[in-house]
Amino acid sequence: IDFDLILENIKDLNSLVGEGISEIEHTARGARLRRPEPLPVTLYRNGIVVGHGAFRPYQHPGTQQCLQDIMDGYFPSELQPRYPDGV
């Protein structure tokens, strides 16, 4: 697993979805700027944790697909239904 490539591609993906850019949130009294909640990805020697989910070993097929998506420069396909505009 190329951790440097994963970190570089996560940084690139974050910039594509507008990291640090606020969104307009409409309220009962008007509107306010709000920053989208980030989704943390924690890399360990033997697996990953995405968000507040369970630990996932690198040998798990879903973990391998997630990391392959990132290494290929794509937003992980498993997250697309929950975050269609990225995160």
(request) Could you tell me whether segment 42-50 includes any residue that is of a type outside the set (Gly, Ala, Ser), over 15 Å from residue 6 (Cα atoms) and open to solvent by 100 Å² or more (accessible area, probe 1.4 Å)? (result) no
(message) If I ask for residues that are open to solvent by less than 90 Å² (accessible area, probe 1.4 Å), under 27 Å from residue 23 (Cβ atoms) and either out of contact with any Asp or Glu (no Cβ under 6 Å at 6 or more places or on another chain) or assigned to a helix (DSSP H, G or I) (or both), which ones from segment 67-79 would you list?
(response) 69, 70, 73, 75, 77, 78, 79
(request) Would you list the strands (runs of 3 or more DSSP E) that sit entirely within segment 1-66 and hold 1 or more residues that are modelled with pLDDT of 90 or more and in contact with a strand residue (DSSP E or B) (Cβ under 7 Å, 6 or more places away or on another chain)? (result) 41-43, 47-50
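The values are calculated or read from the model by the stated rules, or taken from the named source; none is laboratory data. What you see is a predicted model; the values in this text were computed from it and never measured. Methodologically, a virtual Cβ is constructed for each residue, glycine included, from the backbone with ideal geometry; neighbour enumeration extends over all protein chains shown. All accessible areas refer to the heavy atoms of the entire protein, side chains included, with ligands and DNA or RNA removed. Shrake-Rupley method; radii C 1.70, N 1.55, O 1.52, S 1.80 Å.
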